[in-house]
There are 2 protein chains.
Amino acid sequence: MYYIRPMKKKTAVSSAGGWTDTETSAWIGLVRAQQYLIGAVEDALRAKGLPPLPWYDFLWELDRAPGGNLRLNEIGRRVLLDKYNVTRLSQRLEKEGLVRRVPCAQDGRGIFAHITPGGRRLRKKMWPVYERAVKEHFLSKLGKEDIARIDKLMRRIREESGP
Amino acid sequence: MYYIRPMKKKTAVSSAGGWTDTETSAWIGLVRAQQYLIGAVEDALRAKGLPPLPWYDFLWELDRAPGGNLRLNEIGRRVLLDKYNVTRLSQRLEKEGLVRRVPCAQDGRGIFAHITPGGRRLRKKMWPVYERAVKEHFLSKLGKEDIARIDKLMRRIREESGP
DNA sequence: TTCCCATCGTTGCATTCGCAACCAGGATGT
DNA sequence: ACATCCTGGTTGCGAATGCAACGATGGGAA
């Protein structure tokens, strides 16, 4: 396997080619675990005829936000979606009557997404399904301290690195 | 916030509606961290004009496999891809000359994906970029024991739950 | 054998995503 | 004022994805 085979001389390019088995395993484990978890949640939602996860995330952010509205901008930052995706997701949600898109008065460029009662209802209906899936596939498999550890570690990963 | 507000009576439906803050935070943290990491790796690959991550995963599995070939079936299981995606990804890779798809003699239904020299070359070319990104955004932010812990925890998550 | 069911892989169609180009509105500098 | 750059959001188009339906083979059971 490539990542085990010793590089010739010191190392080839700038990439130091050698990971420990644990590093490799941890990385792949993290990626696959999350793929698996997301998949499980999406399956659960689909099985109940509910919309996919990004809808939930979007609505949740609005539902939590004071006033039930946020700039598209801000939503994208929070749910890690590129701006074109935010635009289009918000348009789809609007077409379903879950959200209203209203231009921002202070900033002529801005658009607010404003959750509607129907939007709040849908989110509330999705939550038990979402919750059950996460509990079954994630929370139930770990102890209290494990969860706390994951919380801490994941937070560390997302911290900014550079200046 | 929904997940904090106490449910009326014991609990509504089968979904016990209350998570602790840590649970919520750990779940969201995990999902977002992984989104962020995958995004970073994909960005790095794209910046170098290299193909996206699923290509790498696919080729890697083949490259590791003895004989350089696997059933589509098996690849899907390993990289957590639905079968239609495996079919189409393998077709794309074949079109690029990175893989050959050959029918399985023993099982008339099966198809082997067989990595070509070009496939191995490409994978090897992608690796340094992949590695550098993971190192920068993931490994470098954690200590040795953290990595070991993540390895253990993620493994636990993917373990089968019940028969 | 024949019938039935599960598995492996493919495909059509609709939805979604990725990318690059674009427009409009703000901010900054002169 | 003006030129310039940055940011917020949109859109066209090509690629990838999800879903459901399909054909084909294999493995039993009767």
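The values are calculated or read from the model by the stated rules, or taken from the named source; none is laboratory data. Predicted model, so just to flag it, every value in this text is computed and none were measured. A quick note on method: Cβ atoms are made from the backbone with ideal geometry, for glycine too, and the neighbour counts reach across all protein chains shown. Protein only, heavy atoms only, side chains kept; ligands, DNA and RNA dropped before computing areas. Shrake-Rupley method; radii C 1.70, N 1.55, O 1.52, S 1.80 Å.
Values as computed for the structure displayed
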quantity	calculated
Filter result for B:Lys124 (more than 21 Å from A:Gln35 (Cα to Cα), assigned to a helix (DSSP H, G or I), basic (Lys, Arg) and within 14 Å of another protein chain (Cβ to nearest Cβ))	yes
Contacts under 6 angstrom Cβ, first residue in the stretch A:143-163 being more than 7 Å from chain B (Cβ to nearest Cβ) and farther than 12 Å from B:Asp146 by Cα, partner at pLDDT 95 or above and in a helix (DSSP H, G or I), 6 or more apart	none
Considering residues of the stretch B:60-86 that are within 19 Å of the chain's Cα centre (by Cα) and among the small types (Gly, Ala, Ser) only, the residue farthest from DNA strand D (Cβ to nearest atom)	B:Ala65
Residue, most open to solvent (accessible area, probe 1.4 Å), within the stretch B:53-92, restricted to residues that are assigned to a helix (DSSP H, G or I) and on the phi > 0 side of the Ramachandran plot	B:Gly67
Residue match in the stretch B:87-97 (condition: within 11 Å of DNA strand D (Cβ to nearest atom) and within 11 Å of another protein chain (Cβ to nearest Cβ))	no
Residue selected from the stretch A:28-42 under the condition in contact (Cβ under 8 Å) with a residue 60 or more places away in the chain and away from DNA strand C (no atom under 15 Å from the Cβ), by the criterion farthest from the other protein chains (Cβ to nearest Cβ)	A:Ala40
Unique match (being hydrophobic (A, V, I, L, M, F, W, C) and assigned to a loop (DSSP other than H, G, I, E, B)) among A:Ala133, A:Ala105	A:Ala105
Selection from the stretch B:128-142 of residues that are under 30 Å from B:Asn69 (Cβ atoms), open to solvent by 20 Å² or more (accessible area, probe 1.4 Å) and within 7 Å of chain A (Cβ to nearest Cβ)	B:Pro128, B:Arg132
Test for B:Arg109: is it open to solvent by 60 Å² or more (accessible area, probe 1.4 Å), near DNA strand D (Cβ under 9 Å from one of its atoms), farther than 29 Å from A:Ala33 by Cα and out of contact with any Lys or Arg (no Cβ under 8 Å at 6 or more places or on another chain)	yes
Filter pass, A:Leu50 being within 9 Å of DNA strand C (Cβ to nearest atom) and either surrounded by fewer than 18 Cβ atoms within 10 Å (Cβ to Cβ) or outside any helix (DSSP H, G or I) (or both)	no
The stretch B:112-121, subset open to solvent by less than 50 Å² (accessible area, probe 1.4 Å) and not in a helix (DSSP H, G or I), residue nearest to DNA strand D (Cβ to nearest atom)	B:Ala113
